[in-house]
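To start, the structure itself, in structure tokens.
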Amino acid sequence: MLFNGNSDMLPAHITIERGCEEPRKSSYLVRHFRGEFTLQIAFWRNYLGSTVFFTLTGFVIWKLGYVISFVTCSALILAYLITLPIGQIFFMIGTWRSASRHVERGGKRVCALLAKSILLIGFYSIGNLLIYQILPVTLDLGGDLLRDKKKLGYVISVYNFTNGAGISFQGRLEAGADVEFNNKLSQTPRAKLVRIESYGGRILVGMRIGRMIRDAGLTTIAGNHCESAATLVFMSGKKRLISSSAKIGFHRPSGKWSSFGNDDDDHTSLRTFMEQAGVSNNFIDRVISTSPDDMWYPTFEEMLKAGVVTVRWTPKTRPPVKMDFRRSAGEEKADYESKTQTA
């Protein structure tokens, strides 16, 4: 007779265990963390695989900084910097546990010791990265993103004149400046020149604004002070003009955060950007050799020879557009001559 599911019909010596199901397997990540994988899988596939993944992710985010807004890039960097140490430590702990069980599973002790030695170096590297790079960069970028947007460190103004329009940038190249500049440029189809008055700021912001200027074929004019990252904006002009009183200052990037502390990447990015602007290699070498704590102010002749500037005007010569930028940011007004010609 077929069993119909009623245990009362079975002989007394036969019982049924209810609720006995095959235990569910843990997820792959949980199994790794518990050290359930062999050392070969834990080390080569999981630990080294995660290292390659985080390295490639950081590289992609860094490159995206050239094409997306600084705010978006900063948010991605912050997410990456938070995930990186957590993820790496997670995979190192799981690999360490697999190494501890390697001999019990019939593996060679020397392989387990070698794996643990590599992991100890990894723990030290992550700790060093966390203290000297991740925490400072996270606080720096987090403060930039959380800064009161009503207290911006820059002012972007548009000035209309007879034959076109000009855009004035004054202040620090900080988060959000690239987005606002792009909006101003999009709303000003008659724009022909950009005047930059800045002591510097974020290198990625300067590069992104510079590319907008380069793509639009605009003329750039340096104000009384154009230093550090602001020179990237200035050098992006199709024509580049300075007054006789302008101070143009150069130095290499600080490497504080822009490429996660990798100075070589910063220098390569700066060199490529300046080469695209037509600046000579000798001049670029001098810029890169100048410490971030110092400032190099080359002469007009040096900049003209190197391709940094194209024109200088003096009080005896008429600038391409007469503009009054000496007033405070809130009181600035355009003051143009109707017969001037645009650069």
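What's the local net charge at THR219, with K and R +1, D and E -1, over the other residues with C-beta under 9 Å away? Neighbourhood net charge equals +4. Working from label points 7 Å from Cα in the Cα-to-Cβ sense, the ASP294 to LYS247 distance is 1.7 nm.
The slack in the chain from GLN276 to TRP44, taken as 0.36 nm per residue of separation less the alpha-carbon distance, amounts to 79.4 nm. The convex hull of the Cα atoms of the stretch 152-260, projected and averaged over all directions, covers 6.7 nm². A protection proxy built from the mean count of other Cβ atoms within 10 Å ranks the segments 192-203, 94-105, most packed first, as 192-203, 94-105. If I stretch the segment between THR55 and TYR124 completely, what's the gain in nm (0.36 nm per residue apart, minus their alpha carbon distance), one decimal? Length gained between THR55 and TYR124: 23.1 nm.
Taking only the C-alpha atoms of the stretch 28-146, the Rg (one decimal) and the largest Cα-Cα distance, Dmax (whole number), read 16.9, 54 Å. Its residue count N sets the reference 2.2 N^0.38 Å, and the alpha-carbon radius of gyration of the stretch 112-191 equals 1.95 times that reference. Modelled label positions at THR83 and LEU29, each set 7 Å beyond Cα in the direction of Cβ, lie 1.0 nm from each other.
No lab work stands behind these numbers, since they all come straight from the coordinates. A quick note: this is a predicted structure, and the numbers were derived from the prediction, not measured. Every residue, glycine as well, gets a Cβ built from its backbone with ideal geometry; the counts of neighbours run over all protein chains shown.
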